[in-house]
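Data block below; observations after.
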Amino acid sequence: MSSSNLKPRSPGALFREALKTEQPLQIIGAINANHALLAKRAGYRAIYLSGGGVAAGSLGLPDLGINTLDDVLTDVRRITDVCDVPLMVDIDTGFGPSAFNIARTIKSLIKFGAAACHIEDQVGAKRCGHRPGKEIVTTREMADRVKAAVDARTDSDFFIVARTDAIAVDGVDAALERALACVEAGADAIFAEASYDLATYQRFTQALNVPVLANITEFGQTPLFSVPELASAGVGMVLYPLSAFRAMNKAAETVYTAIRRDGHQKQVIDMMQTREELYDRIGYHEFESRLDALFQQGKAK
Ligand SMILES: C[C@](O)(C(=O)O)[C@H](CC(=O)O)C(=O)O
Ligand SMILES: [Mg+2]
């Protein structure tokens, strides 16, 4: 084996490998480190930190460009500290406004162990991609954002996805034109946000020589297409940003309501993860035996 084979592969390289191995690649939202471990256990080859998820989950705020770079990095680090599945991160508009800010964002993400990110063409006061009233910057400004991100990479395998929100604002033709400009600026892939049918995905995949990402978020503008349906349109990545988050919130509300109403947990105990299951998922017993071993060593001295 040559010495270069011994070099650990970067998260970006692992992401690129996953993209080759699985077509289309399912990328599953993991709101926190615990969910990242659950996603890994379920067999996903790529996980995702949602901007809307950081906002709603970590901050209790709406997805309106309120997150800061540090808010996102805190959650990135917690996930990458315990989970080696490559992580794609939603960086909204890049935490700009300038190329310097975007460069700082990319360098920090790489330092904190992220594998990939997506940067979008909405104005700084952004909205969720599936809400009305979105505004986008010019194609030129978006291409500059992408170029700033690409040029800032300290690992050339770090995977940069350009997201366009233009379908809902200016229509598919304009969005396609933007996507081409982003690829020209160095984007590794295109996120066609809020596409409403398979034919639109197909137009993107046929016009572009990079993978196209489909955001199959629930209760939005995009129908809940299946993996085979998206594969038939040539889609390369399928994103489920908040599926487990939505389910988790619903479960929490049900439990809170029941205990307050009933004065006990009996009605909801069956929907809970058991203590044993929790300990198994986070490796509690392995940690504990290491602690015991250390303690014994300490005692022997
Ligand atoms: C993908 C997304 O950017 C996110 O933050 O997870 C959201 C998802 C959502 O609100 O359902 C978006 O599509 O804007
Ligand atoms: Mg987002």
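Measuring nothing but alpha carbons in region 250-296 and taking Rh as the Kirkwood radius, the Rg to Rh ratio lands at 1.25.
Counting only other residues whose beta carbon sits under 15 Å from that of Gly113, what net charge do I get with K and R as +1, D and E as -1?
On the way: positive: Arg9, Lys40, Arg77, Arg78, Lys107, Lys111, Arg153; negative: Asp75, Asp81, Asp84, Asp155, Asp157.
My count for the surroundings of Gly113 gives +2.
Against the chain, whose longest principal axis is taken from its Cα atoms, helix 139-151 shows a tilt of about 50°. Ligands, DNA and RNA left out, the accessible area of the chain computed with a 1.4 Å probe is 53% carbon and sulfur.
Candidates Ala187, Thr164, Ala207 compared by Cα position along the dipole of region 11-244: farthest toward the positive end lies Ala187, with charges placed on Cβ.
Using +1 on the beta carbon of Lys and Arg, -1 on that of Asp and Glu, and nothing else charged, what's the dipole of the chain about the Cα centre, debye to 20?
Computed about the Cα centre, the dipole is about 760 debye.
The angle between the Cα long axis of helix 69-82 and the longest principal axis of the Cα atoms of the chain comes to about 50 degrees, rounded to the nearest 10.
Beyond a 25 Å Cα-Cα separation, which of these cross-linked pairs lie in this structure: Lys40/Lys126; Lys107/Lys134; Lys107/Lys147; Lys40/Lys134; Lys20/Lys40? Walk me through the intermediate numbers first.
On the way: Lys40/Lys126 31 Å; Lys107/Lys134 28 Å; Lys107/Lys147 14 Å; Lys40/Lys134 34 Å; Lys20/Lys40 18 Å.
Check vs 25 Å cut-off fails for Lys40/Lys126; Lys107/Lys134; Lys40/Lys134.
Set the Förster radius R0 to 45 Å, insert the Cβ-Cβ distance between Glu277 and Ser156 as r into 1/(1 + (r/R0)^6), and round the FRET efficiency to 0.05. With R0 = 45 Å, the Cβ-Cβ based efficiency is 0.65. If you take the charge dipole of the chain about its Cα centre, with +1 on Lys and Arg Cβ and -1 on Asp and Glu Cβ, which of Val123, Gly283, Ser232 is farthest toward its positive end? Projecting each Cα onto the dipole axis, the largest value belongs to Gly283. Looking at region 1-108, the pairs of alpha carbons with a distance over 19 Å make up 50% of the total.
Of all the options Gly113, Gly29, Gly96, the one that moves most in a Gaussian network model of the chain with Cα springs shorter than 10 angstrom is Gly96.
With respect to the chain, whose longest principal axis is taken over its alpha-carbon atoms, helix 99-111 is tilted by about 30°.
Would region 11-244 count as rounded, prolate or oblate if I go by the C-alpha gyration tensor, calling it rounded below 1.5 in a/c and otherwise prolate when a/b exceeds b/c, oblate otherwise?
Values: a/c = 1.28, a/b = 1.11, b/c = 1.16.
The shape class here is rounded.
Can you give the convex hull volume of the alpha carbon atoms of region 7-58 per residue, in Å³? Show your work: numbers first, answer last.
Values: hull volume 5.0 nm³, N = 52.
Hull volume normalised by residue count: 97 Å³.
The values are calculated or read from the model by the stated rules, or taken from the named source; none is laboratory data. If you're wondering where the values come from, they're calculated on a predicted model, not measured in any experiment. Here the Cβ is made from the backbone with ideal geometry for all residues, glycine too, and neighbour counts use every protein chain on show. Just so you know, the surface numbers come from the protein's heavy atoms only, side chains and all, with ligands and any DNA or RNA stripped out. Shrake-Rupley method; radii C 1.70, N 1.55, O 1.52, S 1.80 Å.
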